[in-house]
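Here the structure comes first, spelled out in structure tokens, and everything after it is commentary.
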Amino acid sequence: MYVGADYYPEHWPQARWKTDAKLMREAGFNLVRLAEFAWVFLEPEEGRFTFDWLDEALDILGRNGISAVLGTPTAVMPAWVKEKYPEVMATRKEGHRVNWGIRKNNCFSSGAYRLLSERITRAMAEHFRQTANVVGWQTDNEFGHPYCYCDSCRREFQAWLRRRYGTLDELNRAWGTHFWGHRYGEWAEIVLPDDEGGHNPGLCLDWHRFYSWLNVRFQAAQVRILREVCPQHFVTHNFMGTFSELDYYDLAADLDFVSWDNYPVWGAPAVPYGASLAADAMRGLKKRNFLIMEQTAGPGGWGTFGRNPRPGELRKVCYQQLAHGADGQVWFRWRTCTAGREQYWHGLLGHDGRPLRRYREAAQVAGEYHRLAAAVEGTTVKADVAMIYDYESIWALRIQPGYGPVGGSNFHAAAQRYYDACFRAGVNLDMIRPTDDFTAYSVVIAPHLYVLPDPVARALADFVAKGGVLLTDCRTGVKDGTNLCHDRTLPGLLGDALGISIEEYEAIPGDDKDGYAVIGQDDLPGAFTARHYCDWITPRKAEVLAGYERWHMKPYAAVTRNRFGKGTGYYVGTLCEEPAFYDALIADVLKRAAVKPVVAPPAGVEASVRQARGRRLLFLINHTEETKTVTVPAGGVELLTGRPSRGSLTLERYGVAVIKLK
Ligand code: GAL
């Protein structure tokens with residue numbers, strides 16, 4: 001199992017490198033990531049390459065048993081690049097070029113930048129292909145910025161649209177350009193949407209698709225070279241969890257596996273539901289395990305920094321990722337920098353280069369991971385419940401949130417509400433694409449599936465008819481694939497599976513202090529509060545699980561459940577304030593689908609299962625500072641202590657356990 005650190009030898013005198021490598025070895029590290037921001041040290045002037053310093057660093061690391069992932073260094077261009085080729089700098093909406101000197105400031109359609117990127121990638125690949133301890137590559141660093149509004153991007157966008165739509169008539173129809181007389185008569189007339197709140201929604205959605213494609217194409221050129229020159233190495237990229245400006249499924253398609261950068265915010269201690277959702281989303285990109293390429297090692301910040309992770313907190317954050325499919329992990333960063341913007345992004349070593357408490361905690365994790373490696377190898381999460389994680393709905397809801405927005409992204413807030421309830425119930429989820437096959441799952445949760453092309457709607461209805469349990473909610477099915485509103489009564493093609501129709505809906509004003517009281521019945525007991533939005537649901541065949549109290553809402557349902565064929569379709573028409581609402585709902589959904597968690601975790605304890613044929617590992621993580629007792633199946637073995645599991649297990653604050661189940 002890979003365990004290590006992001007290391008920047010170019011930041012420190014060469015005389016220090018041996019000490020670093022020795023400390024890494026002593027911590028049990030066997031991997032570093034190097035060079036992703038080192039372009040200027042590798043190609044100080046155009047076409048002159050200087051790899052000797054990196055050879056030396058790799059040699060020292062290798063002699064200490066440490067392998068390396070090399071970053072293609074294109075996330076920060078050397079100053080000579082912008083001097084020589086000013087057109088490679090991205091153009092802001094206002095029309096001026098980005099000022100060089102931060103990072104991620106290139107235009108992805110720039111021919112010059114693409115050539116320079118291919119050249120440094122090839123030069124590095126050819127030089128390091130024989131280096132024994134180089135095992136893989138990371139493309140660029142955290143693709144996703146910046147948006148560029150230059151003429152080259154506009155022309156590329158027009159050409160991309162031409163390939164997508166074939167004719168202008170088709171494009172005009174798809175975008176509905178009859179509105180405000182925005183009909184295009186020439187491809188060259190098409191603009192870049194620099195105001196997403198005002199431009200045509202079809203144009204805006206296609207621009208997101210295009211921008212994603214530009215990044216994927218840029219990466220693909222590097223991947224092609226790396227595969228050609230270094231076929232024995234893996235190729236990965238460091239994704240950013242729920243960052244959603246690119247279609248990560250497409251970006252992951254060319255890679256061997258996904259890596260991602262986990263940056264818990266060290267605010268007030270809280271259950272980090274989001275890091276589990278992100279982990280599942282990352283595992284979902286290729287339906288395989290992932291590597292943590294950057295794991296925050298301490299308080300982070302560029303100007304101000306957060307609190308210091310408390311003893312045990314870093315360790316449990318690692319186990320959370322291991323539990324969800326991490327097959328290794330790299331700390332960001334090894335030593336806290338004395339220079340530059342990230343002086344306050346604290347590493348395992350302090351500014352003074354001395355190993356800290358955090359280093360010792362990282363060493364403990366490394367030791368444990370090595371001990372667990374044989375048991376963990378080949379295992380992954382196999383979930384009965386899937387959640388649809390759809391970039392097109394995310395983008396379309398950003399373009400027109402409808403209500404709110406809540407917590408920055410209505411899609412993410414919706415996904416997180418259902419996700420958290422599954423987490424509290426101790427149930428694993430897979431994050432999937434709307435076009436994936438649903439048949440492997442008992443339950444599909446489709447939060448805010450706003451963009452719903454007909455084939456996806458039919459597949460979901462079919463899933464229910466054949467015995468699946470579908471849980472979906474408000475704003476689902478409003479848009480077609482080109483961001484036009486469907487001209488059907490909501491929920492469109494899901495109407496029969498859900499047994500409802502929705503003729504009207506509304507945003508609940510933020511100054512309505514009481515919200516709309518929701519009264520649950522039968523299988524969804526309790527009194528709750530609807531906020532932000534509600535559908536005026538007319539049940540056709542569906543049972544009503546919750547209704548409203550306000551006089552004008554009395555005829556309408558808030559939550560419905562419908563038998564359809566052999567399965568069940570649930571619909572939630574609002575956002576409830578109380579987590580208890582989602583807990584009760586998910587409990588009913590899981591019961592219907594006969595999905596049973598292995599344990600019922602107490603509040604603040606996370607349970608996740610990794611498995612392979614004949615082997616099941618139950619991970620328990622106490623995210624709180626209180627001692628927790630968990631009722632666990634008897635007959636297994638807790639692998640960190642070697643003790644048999646006897647029905648009850650105590651987790652100290654931030655404690656973790658890995659039980660090999662019988
Ligand atoms: C990540 C990035 C790292 C470092 C870190 C802390 O997003 O990949 O290079 O900048 O954030 O700011």
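What the table below lists for this structure:
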read-out: Rel. contact order, % - alpha carbon contacts under 8 angstrom, at least six apart, the chain; value: 10 percent
read-out: Contact order normalised by residue count of the stretch 506-598, Cα under 8 Å, 6+ apart, percent; value: 26 percent
read-out: Unit charges at the beta carbon, dipole of the chain: most positive-side option, GLN232, GLY176, THR121; value: GLN232
read-out: Column: log10 I(q)/I(0), Debye, Cα scatterers of the chain, q = 0.12 Å⁻¹; value: -1.36
read-out: Reachable aspartates and glutamates from LYS662, criterion Cα separation under 18 angstrom, eight or more residues apart if same chain; value: GLU377, GLU638
read-out: Options THR489, ALA459, LEU545, ranked by Cα towards positive dipole end of the stretch 385-593, top entry (Cβ charges); value: ALA459
read-out: Full-stretch length increase - ASP437, LYS662 - with 0.36 nm per residue and alpha-carbon distance subtracted; value: 77.9 nm
read-out: Cα Rg, Dmax (largest Cα-Cα span) when computed across the stretch 352-454, Å; value: 19.4, 60
read-out: Simple Cβ-charge dipole of the chain, Lys/Arg +1 and Asp/Glu -1, about Cα centre, in debye nearest 20; value: 1900 debye
read-out: Percent carbon-and-sulfur accessible area, the chain, ignoring ligands, DNA and RNA, probe 1.4 Å; value: 51 percent
read-out: Long pairs among LYS104/LYS316; LYS286/LYS541; LYS18/LYS82; LYS286/LYS316; LYS628/LYS660; LYS382/LYS591, criterion Cα-Cα beyond 28 Å; value: LYS104/LYS316; LYS286/LYS541; LYS18/LYS82
read-out: Dimensionless Rg/Rh of the stretch 468-570 - Kirkwood Rh, Rg from C-alpha atoms; value: 0.98
read-out: Where GluC sites (Glu not before Pro) in DSSP loops with at most 10 other Cβ within 10 Å are excluded, longest remaining stretch of the chain; value: 187-662
read-out: Segment PHE243-ASP55, extension gain: residue separation times 0.36 nm, minus the distance between their alpha carbons; value: 64.3 nm
read-out: Mean Cβ neighbour count within 10 Å, used as a protection proxy, ranking 395-402, 269-276 highest first; value: 395-402, 269-276
read-out: Size of the stretch 385-593 as Cα extents on the principal axes (Å, biggest first); value: 42, 36, 32
read-out: Check: the stretch 605-660 dipole with +1 on Lys, Arg Cβ and -1 on Asp, Glu Cβ, in debye; value: 420 debye
read-out: For the chain, with +1 on Lys and Arg beta carbons and -1 on Asp and Glu, the positive-most of TYR571, ALA600, TYR147 along the dipole; value: ALA600
read-out: Residues of the stretch 308-334 with amide N under 13 Å of a point placed 7 Å along Cα→Cβ from ARG360; value: 311-312
read-out: Ordering of 653-661, 203-211 by packing [mean C-beta count within 10 Å, highest first]; value: 203-211, 653-661
read-out: Cβ charges +1 (Lys, Arg) and -1 (Asp, Glu), total dipole of the stretch 282-417, debye; value: 300 debye
read-out: Solvent-accessible surface (1.4 angstrom probe) belonging to ASP496, in square angstrom, nearest 10; value: 110 Å²
read-out: Proximal aspartates and glutamates relative to LYS554, as straight alpha-carbon distance under 20 Å, when same-chain residues fewer than 8 apart are discounted; value: ASP473, GLU503, GLU504, GLU506, ASP512, ASP514, ASP522, ASP523, ASP535, GLU543, GLU577
read-out: Neighbour cut-off at most 10 other Cβ (10 Å), DSSP loop, trypsin sites (Lys or Arg not before Pro), the stretch 303-368; value: none
read-out: Cα-projected label distance for LYS287 with ASP194, points at 7 Å along beta-carbon direction, nm; value: 4.3 nm
read-out: Heavy atoms of LYS104 accessible to a 1.4 Å probe, total area in Å² rounded to 10; value: 30 Å²
read-out: Order of exposure, largest accessible area first, which applies to LEU314, LEU23 with probe 1.4 Å; value: LEU23, LEU314
read-out: Solvent-accessible heavy-atom area per residue, rounded to whole Å², over the chain at 1.4 Å; value: 39 Å²
read-out: Peptides ranked, highest mean first, by Cβ atoms within 10 Å: ranges 598-604, 449-455, 405-411; value: 449-455, 405-411, 598-604
read-out: For the stretch 385-593: relative contact order, % (alpha-carbon pairs under 8 angstrom, 6 or more apart); value: 21 percent
read-out: The stretch 2-56, Rg to Rh (Cα coordinates; Rh as Kirkwood inverse mean 1/r); value: 1.02
read-out: Rounded to whole Å, sorted largest first: equivalent-ellipsoid semi-axes of the stretch 605-660, Cα gyration tensor; value: 19, 12, 9
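The values are calculated or read from the model by the stated rules, or taken from the named source; none is laboratory data. Everything quoted here is computed from the prediction, not taken from an experiment. All Cβ positions, glycine included, derive from the backbone under ideal geometry; neighbour counts span all protein chains shown. Protein only, heavy atoms only, side chains kept; ligands, DNA and RNA dropped before computing areas. Shrake-Rupley method; radii C 1.70, N 1.55, O 1.52, S 1.80 Å.
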